[in-house]
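First up is the structure itself, then whatever we jot down about it.
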Amino acid sequence: MKYLLPIIVLLLLKPDFMWAQSQPLPQLPAFPQDTVPAEIVVTGGDDSIQVSAKLRPLRQIAGAPAAFYTYFWELGDGTFSFSKIPELHYKDTGTYQLRLYATNNYDDGKAPPTKPRAIKVKKPVKAGIWASNFFRSNGNIEMKINRNPKPGEDFVALIGYRNITGDVGPGSLVLFYNERQFDRACFGITEKRNYAGMDSSSMDVLLAQLEGDNNEMLFARGPAAGTGNTPNSAAKALLQNMQQVYNGHTVMKFNTVQQAQEQFLFVTMHTLPEMIADTNAVVSMTAILVPDNPSLQPEAYTLEMPVVASHDPNRMQLKKRRINYRLMGKKKELTYKVQFQNTGKGPAKKVAIGIAVPRQLNTETVAINDMSPVCIACDSAYNTQSCIDTVRTKDSLYFVFRNIYLPGMQQDGVSDPDSTKGFISYTIRFKKKPKKIPFSSSAAIIFDKNEPIYTNRATAKFIKGISPAIVAGYTFSPDKGDYTLKGPLQLGAVLAPFAPSRPYFQVEAYAGLLEEEAQAGGFTRDKRDTTVDGQAYMISGRSNVTTVTKSSFQMVPLHFRYNITRWLGVGAGALAQVNISTKTTTEEKAYLSDFQQPAVILKTVTSTVAENTAWFASLNAAAFADIQAGSVKAGPALGLRYIRQVTGNTPNRFFVYAIYRL
């Protein structure tokens, strides 16, 4: 009992934090899971089978339109669907591997991973006939992707090929990817799937086959046909040209395709995380169909894809966004493309696109290249006809599609997502040659009377480029009161960015510079006689001169510059000068005259009294300020540099020079 009272007091005085330790910790919200694959649900009976998916809840990006999923189903028999709940039409029994690639639009997470699910079909499904609705042109090959490439994410390249005329026969499909213009790889092929008996091949085998077929054709036609201008030589040249454009390729052999039949190759590609830092870039892939029949021409299809940071069907892109400033002129054209998609529950009758135009560009030069849906200009259309209006102001553009029918993705009866999409492609020129500074543009898209949807910013950048230059000049030293140009001509080389409009660094080097400095030792009278070449003279006097000759290398590792205008630039930096060799020569001169006329010098005799050479005798450092006038970005200019010594005994000096930048 004697301990009971202290225990009660201790409990009463116990701090709050000690009580809190006995309480349960609050439950933190679970971290969103992006790695959970979709759950594929199969419903229906033998005559009608449908599939759907259970996906993780969407996480809305603030300020963006309502988030939604888009779907791409690979159904395991060579067919596919972009519907949310597709129907299956299997012609044969068996086990099929279903794959779903769901894309999270306006969602801040990752796309759900794909996990195949096997489905067993006990008897053929005869509910309907499947139609691909894939080909949009009149060619035998096309390509489509299920979503734009996003670093770190997979996408499927769907390559379709067919035989329109019935004479294609067997051949090869070649997919080229990873453009050489980028300094890193963009994609890697994860898997290739086909359902028509295709086999893997190689470029060497294909080129050897084309070479053999070409020789056979020339031999069959005789010497008169030996021009080499055959379909197979065209195919070989096309493939070799593509190898210069792309780093990666894959080759697949296919069997004969019946007329009006369509076959598909599914290629899963992984977008490498480090592919391109700038998600405004546009990359491409090219698929080529090469028939085995040597009399048929190859067919190529190039697909351009914007690199995205998030999936957004409404985008603005700039083709060839990296501009060579050295080669461009005022008439340089830029090609922009604005893509839009109606993601609503009903059709859109009007689509308005407002574009903020950078001040460097001239809106009066705008020309429409292509559009979808295709419309005529409103100024030549009747009252209710589908048309497009183009309105230009000084700093903006407006394209307005009127009286159109653009279905909504969530609209009943819409199964083809391409029917809900549109675009406008246009070219525009510069007002004048701009400053070498990146500029960007963006668009706002309004469907009917809904709130505007804002696109990404399409940024144009200039290729940095290197500008070499040559320099020649002289120095003078005001510290010695000598304002005359001294020494031999000094020559140097410069490396800098080409025509910069922002502050920049450049490096300079000067080699083989010779500096001479002579010091006279005074004149002394000497009336002794001497004999030179057998003739007697009187020595009227003597003098000595010490000459110092320096051979040096000068390096400017740090030179910070800024071009104030096209005609005036300033800079500051530091330099280091190594005296490679310093030669000191002392010479004595004797002045000879006649005994009768000592004031008249008849001859001068020079002799070397001392000579010494020192190697790498000194290292001098200096700071400088610099100004240039003339064509300071590219071309000739004059410069003046004040050099203030930090180390060594060299006097402060000015360097006046001429420079020519290439």
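Starting from the range 386-408, take each residue that is farther than 26 Å from G346 by Cβ and assigned by TED's automatic domain parsing to the domain that holds Q341 and list its partners that are outside any strand (DSSP E or B) and aliphatic (A, V, I, L, M), counting only C-beta distances under 8 angstrom and pairs at least six apart or across chains. Listed pairs, sorted by first residue: D395/V357; S396/V357; L397/V357. Taken over the range 586-627, the criterion of being β-branched (V, I, T) and closer than 30 Å to R644 by Cβ is satisfied by T613, I627. (1) assigned to a loop (DSSP other than H, G, I, E, B); (2) at pLDDT below 90: which one isn't true of K120, the others all being true? The single condition K120 does not satisfy is (1).
For the range 444-475, a residue qualifies if it is in a loop (DSSP other than H, G, I, E, B) and β-branched (V, I, T), and the qualifying residues are T455, I463. Among the numbered criteria (1) at negative phi; (2) at pLDDT below 90, which one does F447 miss? Of the numbered conditions (1) at negative phi; (2) at pLDDT below 90, the odd one out for F447 is (2).
Identify the residue in the range 619-650 that is free of Cβ contacts under 8 Å to residues at least 24 places away in the same chain and among the charged types (D, E, K, R) and, among all such residues, is surrounded by the most Cβ atoms within 10 Å (Cβ to Cβ). Ranking the qualifying residues of the range 619-650, first place goes to R641. As for the range 612-626, it holds no residue that is over 60 Å from the mean Cα position of the chain (by Cα) and outside any loop (DSSP other than H, G, I, E, B). Out of all the residues in the range 399-422, is one or more among the aromatic types (F, W, Y), surrounded by fewer than 18 Cβ atoms within 10 Å (Cβ to Cβ), assigned to a strand (DSSP E or B) and modelled with pLDDT of 95 or more? No, because not a single residue in the range 399-422 is among the aromatic types (F, W, Y), surrounded by fewer than 18 Cβ atoms within 10 Å (Cβ to Cβ), assigned to a strand (DSSP E or B) and modelled with pLDDT of 95 or more. Filtering I437, I428 for residues that are surrounded by 17 or more Cβ atoms within 10 Å (Cβ to Cβ), touching a Ser or Thr at 6+ places or on another chain (Cβ under 8 Å) and on the phi < 0 side of the Ramachandran plot leaves a single hit, I428. Comparison of T35, T114 shows that the only residue that is of a type in the set (S, T, Y) and at pLDDT 85 or above is T114.
Counting the residues of the range 360-384 that are in a loop (DSSP other than H, G, I, E, B) and either touching a residue at least 40 places away in the same chain (Cβ under 8 Å) or among the hydrophobic types (A, V, I, L, M, F, W, C) (or both) gives 5.
Taking the range 344-355 as the range and being in contact with an Asp or Glu (Cβ under 7 Å, 6 or more places away or on another chain) and part of a strand (DSSP E or B) as the test, only A348 passes. Scan the range 310-322 and tell me whether some residue there is surrounded by fewer than 16 Cβ atoms within 10 Å (Cβ to Cβ), part of a loop (DSSP other than H, G, I, E, B) and touching a Gly at 6+ places or on another chain (Cβ under 8 Å). No: the range 310-322 contains no residue that is surrounded by fewer than 16 Cβ atoms within 10 Å (Cβ to Cβ), part of a loop (DSSP other than H, G, I, E, B) and touching a Gly at 6+ places or on another chain (Cβ under 8 Å). Residue under question is N280, and the condition is that it be modelled with pLDDT under 90, surrounded by 14 or more Cβ atoms within 10 Å (Cβ to Cβ) and under 30 Å from G63 (Cα atoms); does it hold? Here the answer is yes, as N280 does meet what is asked.
For T70, are the conditions met, namely being within 30 Å of L296 (Cβ to Cβ) and of a type in the set (V, I, T)? Taking the combined requirement at face value, the residue does not satisfy it. In the condition set (1) touching a Ser or Thr at 6+ places or on another chain (Cβ under 8 Å); (2) within 30 Å of P116 (Cβ to Cβ); (3) not small (G, A, S), Q259 is compliant with all but (2).
The values are calculated or read from the model by the stated rules, or taken from the named source; none is laboratory data. All values reported here derive from a predicted model rather than from experimental measurement. All Cβ positions, glycine included, derive from the backbone under ideal geometry; neighbour counts span all protein chains shown.
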